[in-house]
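> My structure is below; once you've seen it, I'll send some questions.
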Amino acid sequence: MPAWRDQLRGLADSGYSTILMPDVPEWQPAPGPALAVAATITGLRVGTWVYASPVRPAWSTAWEAHSLTVLTDGRFELGIGTGRPGIADQLRGLGLPDVPMNRRWDQVREVVTALRELDGPDLHTPVAMAVGGPKGMAVAAELADTVTFVMPHTETRTATMRRIRDFDNRRAVELAVHVPVIGDSVAPFMAGPGTDPAALRAADSLAFLPSDPAAATEEILRRREEIGFSYFVVGADAAGALAPVVADLAGQ
């Protein structure tokens with residue numbers, strides 16, 4: 001815990017905007033309490049990246065999200081999706097029913113509907129959705145404030161751009177990109193242990209950023225201008241190496 005608190009302070013001092021916590025049981029403290037602590041220590045925005053809808057009852061999830069918005073003075077954002085690969089095994093291990101994929105997006109909708117009712121007219125908890133297939137994209141196009149696209153790490157830039165063009169973004173929701181690999185460093189929460197940085201570089205994948213600060217800054221700006229990404233998510237282990245990039249971008 002002392003090391004984690006020091007890391008949080010370092011992230012705040014480096015100019016990052018948001019602390020995100022994954023929803024992986026027993027890998028770290030539960031996201032909600034951890035984010036409440038992070039918000040108190042740093043004054044930054046905080047969010048889940050992302051809650052797994054099959055594991056969490058809709059109204060309880062909405063209540064927790066609304067409560068975090070209130071407790072952080074509006075600095076919380078709810079990230080939600082249908083679960084990581086292998087979610088069915090996790091559900092069995094927890095003694096929970098395996099929810100069919102077509103039902104999981106109905107659960108996401110239920111969470112957002114309940115959250116909007118709890119927030120009422122005076123609050124708006126931002127909702128980020130991790131989407132892949134057509135149903136997820138349709139729900140995000142209707143309800144999300146931010147969307148990130150679930151895609152193979154080795155997917156080419158061209159294929160990702162085609163995926164984004166297929167997204168109905170008439171509401172101009174914010175586009176986020178999940179970047180698990182910085183140079184040769186692979187973020188443990190964001191990619192599997194078999195992830196090969198060289199393969200991502202060869203594919204011109206958007207899951208990769210160079211470790212050289214100047215090159216990383218150039219690539220981030222390119223993605224913003226050519227594709228529309230304005231929200232970049234990186235692993236905490238790489239945050240120090242990218243601190244010069246954050247400082248550079250803050251002045252632009």
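The values are calculated or read from the model by the stated rules, or taken from the named source; none is laboratory data. The structure presented is a predicted model; accordingly, all values stated were derived computationally and were not measured. Reconstructed Cβ throughout: ideal geometry from the backbone, glycine too, with neighbour counts over all protein chains shown. Just so you know, the surface numbers come from the protein's heavy atoms only, side chains and all, with ligands and any DNA or RNA stripped out. Shrake-Rupley method; radii C 1.70, N 1.55, O 1.52, S 1.80 Å.
> Pop the C-beta distance of Gln28 and Arg109 into the FRET formula with R0 = 25 Å and round what comes out to the nearest 0.05.
That gives a FRET efficiency of 0.35.
> Once the dipole of the chain is set up with Lys and Arg at +1 and Asp and Glu at -1 on Cβ about the Cα centre, which of Trp27, Val108, Val147 lies farthest towards its positive end?
The residue sitting farthest along the positive end of the dipole is Val108.
> Hey, another quick one. Counting only protein heavy atoms, what percent of the accessible surface of the range 77-181 is carbon or sulfur at a 1.4 Å probe?
That share works out to 55 percent.
> Looking at the range 80-109, which trypsin sites (Lys or Arg not before Pro) are in a loop (DSSP not H, G, I, E or B) and have at most 16 other Cβ atoms within 10 Å? List each step's numbers first, then the result.
Working: sites: Arg92, Arg103, Arg104, Arg109; in loops: none.
Those that pass, being in a loop and sparsely packed, number zero.
> From a point 7 Å beyond the Cα of His124 in the direction of its Cβ, which residues of the range 152-186 have a backbone N at a distance under 20 Å?
168-176, by backbone N distance to the label point.
> How big is the accessible area of His124 in square angstrom, nearest 10, if you roll a 1.4 angstrom probe over the protein chains?
Number for this one is 100 Å².
> Separate question: Under the 0.36 nm per residue contour assumption, what length would be gained going from the current alpha-carbon distance of Asp13 and Asp204 to full extension?
On the way: separation 191, 0.36 × 191 = 68.76 nm, distance 3.14 nm.
Contour length minus Cα-Cα distance gives 65.6 nm.
> Between Thr40 and Asp212, what is 0.36 nm times their sequence separation minus the Cα-Cα distance? Round to one decimal in nm.
Stretched fully, the Thr40-Asp212 segment lengthens by 58.7 nm.
> Moving to a separate point now. In whole angstrom, note down how far apart the Cα centers of the range 101-137 and the range 1-75 are.
That distance is 18 Å.
> Quick one: length gained pulling Ser230 to Asp196 fully straight, 0.36 nm per residue minus the C-alpha distance?
Full extension of this stretch gives 9.7 nm more.
> Can you list residues from other chains, or at least 5 along the same chain, whose modelled amide H is less than 5 Å from the amide H of Val50?
Here the answer is Asp23, since their amide H atoms fall under 5 Å of that of Val50.
> Can you give me the accessible area per residue for the chain, using a 1.4 Å probe, in Å²?
Averaged over the residues of the chain, the accessible area is 48 Å².
> Using the Karplus curve 6.51 cos²θ - 1.76 cosθ + 1.60 with θ = phi - 60°, what ³J(HN,Hα) values do you get for each residue of the range 87-104, in whole Hz, with x for Gly and Pro?
So the Karplus estimates, Gly and Pro as x, are 4, 4, 5, 4, 4, 4, x, 8, x, 9, x, 7, 7, x, 4, 5, 7, 5 Hz.
> Name the residue, out of Ala30, Ala128, Ala236, whose mean-square fluctuation peaks in a Gaussian network model built on the chain with Cα pairs under 10 Å.
Ala30
> Hey, if we sort Met1, Met21 by accessible area with the 1.4 Å probe, largest down, what's the order? Intermediate values should be presented prior to the final figure.
Details: Met1 115, Met21 20 Å².
The most accessible residue leads, giving Met1, Met21.
> I need the phi-derived Karplus couplings for the range 179-194: 6.51 cos²θ - 1.76 cosθ + 1.60, θ = phi - 60°, integer Hz, Gly and Pro marked x.
10, x, 10, 10, x, 9, 9, 10, 5, x, 7, 10, 8, x, x, x
> Next question, about the same structure. When DSSP beta bridges are limited to those with both residues in the chain, what percentage is antiparallel, rounded to the nearest 5? All intermediate terms of the calculation are to be shown ahead of the outcome.
Values: 2 of 27 bridges.
Of all bridge pairs located within the chain, approximately 5 percent are antiparallel.
> So, one more: I'd like the antiparallel share, as a percent to the nearest 5, of DSSP beta bridges with both residues in the range 145-252.
So the antiparallel bridges amount to about 15 percent of the total.
> Kindly sort Glu142, Glu64 by accessible area of their heavy atoms, largest first, with the probe set to 1.4 Å.
Per-residue accessible area, sorted high to low, gives Glu142, Glu64.
> Given that compact globular proteins tend to follow 2.2 N^0.38 Å, what is the ratio of the alpha-carbon Rg of the chain to that value?
Its radius of gyration relative to the 2.2 N^0.38 Å reference: 0.98.
> Going by the alpha-carbon gyration tensor, a ≥ b ≥ c the square roots of its eigenvalues, is the range 47-147 rounded (a/c under 1.5) or, if a/c is not under 1.5, prolate (a/b greater than b/c) versus oblate?
It comes out prolate by the Cα gyration axes.
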